[in-house]
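To start, the structure under review is shown below, and the notes come after it.
The values are calculated or read from the model by the stated rules, or taken from the named source; none is laboratory data. What you are looking at is a predicted structure, and each value in this text was computed from that prediction instead of being measured. Note: ideal-geometry Cβ built from the backbone for every residue, glycine included; neighbour counts use all protein chains shown. Heads up: the accessible areas ignore ligands, DNA and RNA and are worked out on the full protein's heavy atoms, side chains in. Shrake-Rupley method; radii C 1.70, N 1.55, O 1.52, S 1.80 Å.
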Amino acid sequence: MKVYYPKNLCNQKNRSHLFPLLKPFIKNNSFSDEQRVNMYHISAATISFENKLSDAEIIILPMSWNYYLENKQKQKAVNFVKLAIEQNKKVWSFTNGDFGVEIPIIKNVLVFRASGEKSKLPSNHIGLPSLIEDPLKKQFDKTEIFVNEYKLKPSIGFCGQSNGSIINAGMEISRTILRNLKYYWNLSNEVPQKVQSTSSIRAKALNLIKKSILLESTIIERKKYRAGAKTVDEKTATTKDFYNNIKNTDYTICIRGAGNFSVRLYETLAMGRIPILINTDCLLPLNDVIDWKKHVVWVEKNEINNLEEKVLKFHNVMTPKEFKNLQQANRTLWEESLTLGGFFKTFIKVKQQQ
């Protein structure tokens, strides 16, 4: 694929705002292609960077819209986009973080993003997976998944922050209202969010699982993010707890945090496990290619009271062989379509076929 991006609009030092597809290639000189493949699932052999916009098939706005707004460079970004459109080129751009920013509505611009409410977004906004390191390699030094045997009573896991108290819900709602007001007062670029307590939704789902006599649960609830870990040893221990919880159970509860997306969804798939996705109007990647309901237990937010029933219905129709096959299929899905390289290669292939 032939790629062009304007170097004058790129800040290589601010990697958190760098367009994901550029990250594997904008590295120090000692970074090898073998490392690139292992870390990002993409090789330098698949990309050629062009010096002229007219020679490229893919035009990339190199930094996030968040970056251009924060650094008063919005007009420069818009001017570049218009230049590309004059040459009949589509531009790839993205927004990052838990909350979206107001993006100029311009024809021929794709906006990749992990967060946001699908029903409220324009059609040119594209779901982007949370791009994580391979937990099997990093945490367990393995390339093959741990295969769980089928049991009539499925095991459900969760390890993470949860707080269902009324006081916490009130504080969360107050923070959302304040953040929304900052937008209206022109003190923030983050677009307003729905006023709700997302931690209450999470707590409700976990309580339903814990109370079930038909499901086996291993729920580790933390009062603080990563149990308040500060030191390297503490962070290593809590990360190990997190992935052991996924490994040692069949299904993992995946529900939004502050932003309307779940990193845990991709961590669960990468481990070869089955996510229970509480759908809060999520913008999932490759939604027109991936049959998500074959890979996850799909539970709409307004169906949480039926959570036990949904899990059992999904689980009980599988044979032991199908259950094992799904674990491998979920790992393969992550490797081939939800890693950085896998996602962009799949996305490009789909667009070429349309």
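Of the helices (runs of 4 or more DSSP H) entirely within the range 256-335, those holding at least 2 residues that are basic (Lys, Arg), open to solvent by 70 Å² or more (accessible area, probe 1.4 Å) and free of Cβ contacts under 8 Å to residues at least 60 places away in the same chain occupy 292-295. Among the candidates 70, 86, 34, the residue that is open to solvent by 30 Å² or more (accessible area, probe 1.4 Å) and under 24 Å from the mean Cα position of the chain (by Cα) is uniquely 70.
When the residues of the range 100-125 are narrowed to those that are closer than 21 Å to residue 300 by Cα and hydroxyl-bearing (Ser, Thr, Tyr), which ends up least open to solvent (accessible area, probe 1.4 Å)? The residue in question is 115.
Pairs linking a residue in the range 95-109 that is part of a loop (DSSP other than H, G, I, E, B) to a residue that is open to solvent by 50 Å² or more (accessible area, probe 1.4 Å), with Cβ atoms under 6 Å and 6 or more positions apart or on different chains, are 98/258; 99/190; 108/90. When the range 152-184 is limited to residues that are in contact with a Phe, Trp or Tyr (Cβ under 9 Å, 6 or more places away or on another chain) and not in a helix (DSSP H, G or I), the one that is surrounded by the most Cβ atoms within 10 Å (Cβ to Cβ) turns out to be 156. Residues in the range 236-255 that are under 22 Å from residue 286 (Cα atoms) and part of a loop (DSSP other than H, G, I, E, B): 255 alone.
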